[in-house]
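K.L.:
The structure's right below; bear with me while I get my questions together.
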Amino acid sequence: MKITEKEFDAVEQGLCVASNEDMLDENVAYPAFEKMKEVYRRYRWFKDNLSNFDPSELSRLYIEDFGSWEE
């Protein structure tokens, strides 16, 4: 399954509505949402690049795109 930007936008709109209705703490929800988007972006990166698997090249490309293995 591939999540599209449109789906992320829909989740973000839901968060906005819930926040406006005092149903959630936006200081918790928005950072969690941004983290979820980043985790999914990295997951897609790995999934898309594993078909050309070369461990050293994959490691180099990951570090080039994300800065390091640590987060």
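K.L.:
Let me confirm something: among 20, 52, which residue is under 24 Å from residue 69 (Cβ atoms), free of Cβ contacts under 8 Å to residues at least 12 places away in the same chain, surrounded by fewer than 11 Cβ atoms within 10 Å (Cβ to Cβ) and not hydrophobic (A, V, I, L, M, F, W, C)? Steps first, please.
P.N.:
Numbers: 20 fails: under 24 Å from residue 69 (Cβ atoms).
So the residue among 20, 52 that is under 24 Å from residue 69 (Cβ atoms), free of Cβ contacts under 8 Å to residues at least 12 places away in the same chain, surrounded by fewer than 11 Cβ atoms within 10 Å (Cβ to Cβ) and not hydrophobic (A, V, I, L, M, F, W, C) is 52.
K.L.:
Residue under question is residue 26, and the condition is that it be acidic (Asp, Glu) and surrounded by fewer than 10 Cβ atoms within 10 Å (Cβ to Cβ); does it hold?
P.N.:
Values: acidic (Asp, Glu): yes; surrounded by fewer than 10 Cβ atoms within 10 Å (Cβ to Cβ): no.
So residue 26 fails the test.
K.L.:
Sort through 24, 15, 61 and tell me the only one that's part of a helix (DSSP H, G or I) and in contact with a Leu (Cβ under 8 Å, 6 or more places away or on another chain). Show your work before the answer.
P.N.:
Details: 24 fails: part of a helix (DSSP H, G or I); 61 fails: in contact with a Leu (Cβ under 8 Å, 6 or more places away or on another chain).
Just one listed residue meets the conditions, 15.
Read-outs throughout are calculated quantities, based only on the coordinates presented, and are distinct from any laboratory measurement. Source: prediction; values computed, not measured. Positions of Cβ are generated from backbone atoms using ideal geometry, with glycine treated the same way; all protein chains shown enter the neighbour counts.
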